[in-house]
Amino acid sequence: MAIKIKIPSFFARKRTPAPKGAAGKSRPQVEGWRRYEREIRIGLAAFLVVCLCFFSVFAFYYIKYQKIVDKRMSGQIFAPSAKIYARAVEVDIGDKASVSEMAADLRRAGYIDDGGKSEIGKFETRHGSIEIHPGPQSFHSSDSATIYVADGKVSRILGANGGDLSAYELEPQLVTALFQGEDRSKRQIVKFNDVPKVMVDAVLAIEDRRFFQHNGVNYYRLVEAGFADLMHHRRGQGGSTLTMQLSRGFFLTPEKTMKRKLTEMMIAIELEQRFSKQQIFEMYANEVPMGQRGSYGISGLGEAARSYFNKDIKSLTLPEAALLAGLIQRPSYLSPYRHPERALDRRNLVLDSMVETGAITRAEADKAKATPLKLAPPNVEASDAPYFVDMVKDFLNSKYNENEINDNQYHIYTTIDPDLQKAAAEAVEVGIKGVDDQVLKARTHKVKVGTGKNATTETEVKPGPEAQVALVAIDPHTGEVLALVGGRNYGMSQLNHAIAKRPTGSIFKPFVYAAAMNTGVTGDPAQAMTPASLIDDSPTTFMYGDQIYEPRNYKAEYHGQVTARYALAMSLNNATVKLAEQVGYDNVANLARNAGIASVKATPAMALGAYDATPLEMAGAYTVFSNGGTRLGPTMVKSVRTAKGDVVDNFQPDQKQVLDPRVAGVMTDMMQGVMNFGTAYAVRSKGFTAPAAGKTGTSHDAWFAGYSSNILCIVWVGYDDYSDIKLSGALAAAPIWAEFMKRAQKLEQYSNMKGFSQPSGIVQVELDKVTNQLATPSCPETYTAAFIAGTEPKTTCDQALGDHRGFFSKILGTGQQTVLPPTTTNGTLSNMPPAETTTATQEQQQAQEKKKKGFFGKVAGFFKGDSSAQQQTQQQQPQQGQPSSSPPPTPR
């Protein structure tokens, strides 16, 4: 029997009776929705095609970006970098100190005090003491110690073995991470566990509250942002999650387009599938741009903590974390240095957001809001020492491969002292403003505009270059570079003037006098040149081969016979060249080259500093005087170590004995005279009174070189285009030097600026001002000078006071007179005013003498020659310096 099975069709047509027509016949009809079967089939097919295309495109781009992500995320995500550390701060028994200050220093160095783990070290504070435990990556390995403080001073230092220590070095502070190649951005890599909870909470509260819930894309926030953009007819809302921001930072441009947003979402989904939330936040914390500092970009929260607060990220407080979280949106617009009000408002908004998320209480937020912005100094040179870091990088690249340095994450321990670097940067900032004021005054003139009754007077300021500056401070007994500023603004110019060659001017003169004093060691003591030896300071033409050299003194003032001590103090050009001629140009040049001034040539112009040297080279050269005749090459790097603390290299300064210690002692004494009554008297007038020796220098640039018992400092001021700054070293460079030294003296480690100790073989002799011979009670006007034993004067002033002039000479008052130095005893200040005042005083005395002249006085003046008339005659003589050109401006 056959069985019929009817399979129902979903789309089977159901016929219904049609209304009868006129012919009495019926017509079948289809139910309403079934009449669109064909259209539905077409729609479903189209949908399937669209889905297939979508998933094909999605798969294509997914695989494409997966490869990009794989390539970017394979291996080390962030390029490793070496770290540069400052010199270790030594704490001695009796030093001024406080437990809180030492704790702050250790936190900046990477130590922790909350019981956590740190490879650098940890510490624990108690009432009146701090217990320090260096970690495996510490500069000090495992040398633990407990430092006790009482009445503001270190009272005891107890070693790990229970024994007493006389001193202890704190961990060197991190200066910066070393940037690679031409990428002038710096970051300090941090792990997720290194980021304090308060920092994580602050970032999530303001940037992505559902970070730990979403899969990389917050669709609700995207729709909300899109609606806001549509309503305001602009693209102002982001809607990006942290993962999407990370996608943009790693792979995309910052443009705002729909295509880029979709790509951003796709990469975010990729990242969420491959990494944990903690890993994504860690990458974000190291990648996020946080503004600009000088010429460097700040990348990551770790570097931002260092740049804005000069502390390790682990030590951030609530208001500090809120400020950094707020800067993420627009770092430049919200910069707390340029726009503190904006930054403060944004920080407070972050705090309110943290209250909304439950991260903090309202009371904690209100307390944090009341906290003012406490930022690190805005002066980049004060904290980052960028010119110094550039030099360290060049030094390292000359010895190692750059990739080797950074890939191995070497720890570079340098000589820079952060406190002294800050003092140097601040002194330059203050001092260069004074230079700018003097330059502006010199360029400002009154000009007459119009004629007749319509004439007016207007102020005109001539255009010109901006003055630049360099300051180098080193330890005079080790050669270690303690502070270095290579320009007035590193962000504007990375040209390092500390290593730019410039004519040295009169700071070279001490090498002429040192070569002369050296005759007291190498020759017959009876014939040796000494500080009391007389030199002729008169207009002189010097011949060198077929060249004619005719130097001029400052303001064309000449003094006749003067002592060497006075000639150096007053920086007399003619006397100095005459002395170099007597000693031998070759002897002076050889001494200078041995001291490190390589460009010197044995010519008369050499004596006045016509040849080039850098401020750093001159700092090394002056160690010959400050370090008992031994030259120390300036050093910047003490040690290179691996991240685990293993030593790769240690470095020592180059040393070379250049002068006999006795000669160096005599020169130090003579240069104290420059400070106390000579051209560097401006240093004393600025309030720096500690024992010091130095020399001013003026050519087209302004220089000052000087040293105390514990700091040697060189200051240079000039123009990049080599034009004449038209300011003396005493007016432009010496005030900066004095400002720096005053700030340095306030620091505990440099406060004890003692008097200079003289080596054996030096005698201090009291001389008569009139005769420059040994003083006796009958010659009360005296001064004290240092001599190499055996070369000091043997005749007393009584023996030299006999008047051997003829009858008419006695009546007319003629005869040779000697210009004598003012009183100075044991380095104390003289009552004599500086050189400019001395000149004015002499002119007043000459004027008074003219008024007193009678007939015989006029006759005497005729035979003797009036000094002012003689000077006028000298000035009217044609100059014969360089052929077919007038002599250069006189250095001083």
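Please state which of the following conditions A423 fails to meet, knowing it meets all the rest: (1) outside any loop (DSSP other than H, G, I, E, B); (2) open to solvent by 40 Å² or more (accessible area, probe 1.4 Å); (3) touching a residue at least 24 places away in the same chain (Cβ under 8 Å).
A423 satisfies every listed condition except (2).
Please enumerate the residues belonging to region 528-551 that are in a loop (DSSP other than H, G, I, E, B) and either within 15 Å of K509 (Cα to Cα) or acidic (D, E) (or both).
P531, D546, E550, P551
Give the residues of region 488-507 that are in a loop (DSSP other than H, G, I, E, B) and buried (at least 24 other Cβ atoms within 10 Å of the Cβ), sorted by residue number.
The answer is Y490, T504.
Say we look at region 659-699 and pick out the residues that are among the polar types (S, T, N, Q) and in contact with a Phe, Trp or Tyr (Cβ under 9 Å, 6 or more places away or on another chain); which of these is farthest from G628 (Cα to Cα)?
By that ranking, first place goes to T698.
Go through (1) closer than 25 Å to N574 by Cα; (2) open to solvent by 10 Å² or more (accessible area, probe 1.4 Å); (3) part of a loop (DSSP other than H, G, I, E, B); (4) in contact (Cβ under 8 Å) with a residue 40 or more places away in the chain for A605 and report which single condition fails.
Here A605 clears every test but (3).
Please go through region 722-763 and pick out each residue that is open to solvent by 60 Å² or more (accessible area, probe 1.4 Å) and either small (G, A, S) or closer than 30 Å to K462 by Cα (or both).
Correct list: Y722, K726, L731, S757, S760.
Taking the options R631, R641, R662, R684, name whichever one is in contact with a His (Cβ under 6 Å, 6 or more places away or on another chain), open to solvent by 10 Å² or more (accessible area, probe 1.4 Å) and touching a residue at least 24 places away in the same chain (Cβ under 8 Å).
R641
When the residues of region 644-656 are filtered to those that are farther than 24 Å from A621 by Cα and in contact with a Pro (Cβ under 9 Å, 6 or more places away or on another chain), which remaining residue is surrounded by the most Cβ atoms within 10 Å (Cβ to Cβ)?
That would be G645.
Just wondering, is there one or more residues in region 90-101 that are hydroxyl-bearing (S, T, Y), modelled with pLDDT of 85 or more and crowded, with 17+ Cβ neighbours inside 10 Å?
no
Is there any pair linking a residue in region 523-540 that is in contact (Cβ under 8 Å) with a residue 60 or more places away in the chain and surrounded by fewer than 16 Cβ atoms within 10 Å (Cβ to Cβ) to one that is outside any helix (DSSP H, G or I) and among the small types (G, A, S), with Cβ under 6 Å and at least six apart or on different chains, and which?
Taking only residues 6 or more apart or on different chains, the pairs are P525/G790.
Please enumerate the residues belonging to region 276-312 that are among the hydroxyl-bearing types (S, T, Y), touching a residue at least 24 places away in the same chain (Cβ under 8 Å) and over 16 Å from K83 (Cα atoms).
Y284, S295, Y308
Among the residues of region 668-722, how many are closer than 22 Å to D417 by Cβ, of a type in the set (S, T, Y) and in a loop (DSSP other than H, G, I, E, B)?
2
How many residues does region 331-352 hold that are among the hydrophobic types (A, V, I, L, M, F, W, C) and under 26 Å from the mean Cα position of the chain (by Cα)?
1
Among the numbered criteria (1) open to solvent by less than 10 Å² (accessible area, probe 1.4 Å); (2) closer than 29 Å to L747 by Cα, which single criterion is violated by P510?
(2)
Based on this model, can you work out whether L106 counts as closer than 23 Å to Y308 by Cα and either in a loop (DSSP other than H, G, I, E, B) or modelled with pLDDT of 80 or more (or both)?
Yes.
Of the numbered conditions (1) crowded, with 24+ Cβ neighbours inside 10 Å; (2) touching a Lys or Arg at 6+ places or on another chain (Cβ under 6 Å); (3) at pLDDT below 95, N772 fails exactly one; give the number of that condition.
Of everything listed in (1) crowded, with 24+ Cβ neighbours inside 10 Å; (2) touching a Lys or Arg at 6+ places or on another chain (Cβ under 6 Å); (3) at pLDDT below 95, N772 misses just condition (2).
Among P340, P377, P336, which is in contact (Cβ under 8 Å) with a residue 24 or more places away in the chain and touching a Ser or Thr at 6+ places or on another chain (Cβ under 8 Å)?
P377
If you go through region 148-176, how many residues are open to solvent by 10 Å² or more (accessible area, probe 1.4 Å), of a type in the set (A, V, I, L, M) and in a strand (DSSP E or B)?
Adding up the residues that qualify gives 7.
Of everything in region 313-333, what is over 11 Å from L373 (Cα atoms), open to solvent by 10 Å² or more (accessible area, probe 1.4 Å) and in contact (Cβ under 8 Å) with a residue 12 or more places away in the chain? Give them in sequence order.
Hits for region 313-333 are K314, S315, L316, T317, L318, I328, Q329, P331, S332.
The values are calculated or read from the model by the stated rules, or taken from the named source; none is laboratory data. This structure is a prediction, so every number in the text was calculated from the model and none was measured. Neighbour counts run over all protein chains shown; Cβ positions are idealised from the backbone, glycine included. Side chains included, ligands, DNA and RNA excluded: accessible areas come from the protein's heavy atoms. Shrake-Rupley method; radii C 1.70, N 1.55, O 1.52, S 1.80 Å.
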